[in-house]
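So the structure is just underneath, and the comments pick up after that.
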Amino acid sequence: MWKCKFKRLGLLVLLPSALAQGETLQNIRAYEAPDHTRVVLDTSASPKASIFVLSNPNRLVIDLANTRPAVGFDPDVSSAMGRRVKNIRWGAQARAYRVVLDLERPLKRKDFQLPPIAPYGHRLVIDLFDEQPAEPTPPTPTEPEGLRPVVIAIDAGHGGEDPGAIGANKVYEKRITLSIARKLAARFNDTPGYRAILVRTGDYYIPLRRRTQIAHRERAHLFLSIHADAFRNRSVSGASVYMLSERGADSEMARYLAEKENRSDLFGGVSDVSVDDMEPYLRQTLTDLSMQGKRRQSSEVGGEVLSQLDRVTKLHKKQVGHAGFVVLKAPDIPSLLIETGFISNPTEARRLNQAEHQGKIVDAIYRGVVNYWRDNPPPGTLLAQNAGGEMNYRIQRGDTLSGIAARYGTTVARIRQANGLAGNRIRVGQVLTIPADS
Ligand SMILES: [Zn+2]
């Protein structure tokens, strides 16, 4: 009885001083990616955490010793609720501040701490992975069997933990890049003979080397990393296009941007799980000849894209720039980093945030790429087969002759003529000849 009283008294007396010396939990952030969900605890000092799993129902408990919530602590974690995490709760316990993740099912866990890097302080990162990785989405079967589409890997720069540049009026680079990347992917996916894949599909971070790995897995013919960076001088503006240089940057701006981009993994926090399964291709060395071929392709596509961008926006630089961007180090895929403008420039930040201007940038990149591949179709693709003459199209459910004619920029009459059709009747699976030069 006495003991108990003492304890309670002790707690009452000790609590205020413990609180005064304790650490604070400043924020909880969460990001859902296709293969994992990341929960980040921002703390005032390197956190002393005990993390354990409970079942029935499945939950992950994080106890932060000697910690209290910071003034104004009000996390918004709603964006990451869904496939893996049902709910995130928090509250004071006797000896710790407790954060509970209610899980949909048992998940694999990887946790690690990250040191401060502005704008973040100390971080405790918990990555929750599916026990069974999700099935990769099958390619859309719009091409005749045996012939591949030209595959464009579109990488929306930054994401999740890594906001990228933050411009005037709180314009976030990671949001601009995702918006432009999505529109660009849609343009290619609407084009027969092309397939776009989005390297990043939402607000989460992907390590730089993993981005090229995704492009490689999809056997991409081209890798485009989309950005909209900031510079200390707010008057600097204009779009630019860069390719990889192993020998160093060809301008001060190229060096500055490459250093900035390559710091992404410090914000994004790369756990060893994300990089320890690097595919051997990343270590392979290509012959000088094939390396030169890829470099020439990068340079030529880059030139086409720049000349199209020149029609819709100011250019920062008229030639394709060179620097040591880590994200461009896919040895066997021509790769470009496209700076769509500087969001440190208030006028450009406003325009880059507008759907109309984004659409113009998307059209320009699209036209540049399509112009290049039209003249240089990769072997084994539908585009190569069609380069000299007519195209084939396999009828999908829901297709109409007029719809197909519109997609290929031809007329119903010309399609009828090329296929000996009398009326409008077509059937799913039927292969139509689309006249050349239509
Ligand atoms: Zn960037």
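The values are calculated or read from the model by the stated rules, or taken from the named source; none is laboratory data. Model, not experiment: these values are computed from the prediction. Quick reminder, even Gly has a Cβ in these numbers, built from the backbone with ideal geometry, and neighbours come from all protein chains shown.
Taking only pairs six or more apart or across chains, which ones have beta-carbon atoms under 7 Å, a first residue in the range 205-221 that is farther than 13 Å from G157 by Cβ and among the polar types (S, T, N, Q), and a second residue that is part of a loop (DSSP other than H, G, I, E, B) and modelled with pLDDT of 90 or more?
Correct list of pairs: empty, since none qualify.
Exactly one of these conditions fails for Q354: (1) within 30 Å of S299 (Cα to Cα); (2) surrounded by 15 or more Cβ atoms within 10 Å (Cβ to Cβ); (3) not aliphatic (A, V, I, L, M). Give me its number.
Q354 satisfies all of (1) within 30 Å of S299 (Cα to Cα); (2) surrounded by 15 or more Cβ atoms within 10 Å (Cβ to Cβ); (3) not aliphatic (A, V, I, L, M) except (2).
Counting only residues that are among the small types (G, A, S) and part of a loop (DSSP other than H, G, I, E, B), how many does the range 197-227 have? Spell out the reasoning first.
In the first step, residues of the range 197-227 are kept if they are among the small types (G, A, S); the result is 202, 215, 220, 225.
Then keep just the ones that are part of a loop (DSSP other than H, G, I, E, B); that gives 202, 220.
Result for the range 197-227: 2.
Could you tell me whether any residue of the range 250-261 is in a loop (DSSP other than H, G, I, E, B) and at pLDDT below 90? Walk me through it before giving the result.
In the first step, residues of the range 250-261 are kept if they are in a loop (DSSP other than H, G, I, E, B); the result is 250-251.
Okay, now just the ones that are also at pLDDT below 90, so none.
Scanning the range 250-261, I find no residue that is in a loop (DSSP other than H, G, I, E, B) and at pLDDT below 90, so the answer is no.
Limited to the range 40-55, what total is found for residues that are of a type in the set (G, A, S) and within 11 Å of V99 (Cβ to Cβ)?
Going through the range 40-55 one residue at a time, the tally reaches 1.
List pairs: first residue in the range 321-336 and at pLDDT 90 or above, second residue surrounded by 24 or more Cβ atoms within 10 Å (Cβ to Cβ) and in a loop (DSSP other than H, G, I, E, B) anywhere in the structure, Cβ distance under 6 angstrom, at least six positions apart or on different chains.
I333/A220
Please indicate, with yes or no, whether at least one residue in the range 60-72 is part of a loop (DSSP other than H, G, I, E, B), modelled with pLDDT under 90, out of contact with any strand residue (DSSP E or B) (no Cβ under 6 Å at 6 or more places or on another chain) and surrounded by fewer than 17 Cβ atoms within 10 Å (Cβ to Cβ).
No, the range 60-72 contains no residue that is part of a loop (DSSP other than H, G, I, E, B), modelled with pLDDT under 90, out of contact with any strand residue (DSSP E or B) (no Cβ under 6 Å at 6 or more places or on another chain) and surrounded by fewer than 17 Cβ atoms within 10 Å (Cβ to Cβ).
What number of residues within the range 398-417 are modelled with pLDDT of 85 or more and not in a loop (DSSP other than H, G, I, E, B)?
8
I need the full set of residues from the range 248-259 which are in contact (Cβ under 8 Å) with a residue 40 or more places away in the chain and away from the ligand (no atom under 15 Å from the Cβ), in order please. I'd like the intermediate steps shown before the answer.
Going residue by residue through the range 248-259, those that are in contact (Cβ under 8 Å) with a residue 40 or more places away in the chain are 248-251, 253-255, 257-258.
Of everything in the range 248-259, those that are in contact (Cβ under 8 Å) with a residue 40 or more places away in the chain and away from the ligand (no atom under 15 Å from the Cβ) turn out to be G248, A249, D250, S251.
Quick one: how many residues across the range 185-215 are among the hydrophobic types (A, V, I, L, M, F, W, C), more than 16 Å from the ligand (Cβ to nearest atom) and either farther than 22 Å from D127 by Cα or at pLDDT 95 or above (or both)? If you could, list the steps in order and put the result at the bottom.
Start the filter on the range 185-215 by keeping residues that are among the hydrophobic types (A, V, I, L, M, F, W, C), which leaves 185-186, 188, 196-199, 206, 208, 214-215.
Next cut, more than 16 Å from the ligand (Cβ to nearest atom) only: 185-186, 188, 196-198, 214-215.
In the following step, the residues that additionally are either farther than 22 Å from D127 by Cα or at pLDDT 95 or above (or both) were identified as 185-186, 188, 196-198, 215.
Residues that pass the stated criteria total 7.
Of all residues being crowded, with 21+ Cβ neighbours inside 10 Å and farther than 25 Å from N169 by Cα in the range 216-240, which is farthest from the ligand (Cβ to nearest atom)? Just the residue, please.
H221
From S44, S79, grab the single residue that is touching a residue at least 60 places away in the same chain (Cβ under 8 Å) and surrounded by 15 or more Cβ atoms within 10 Å (Cβ to Cβ).
S44
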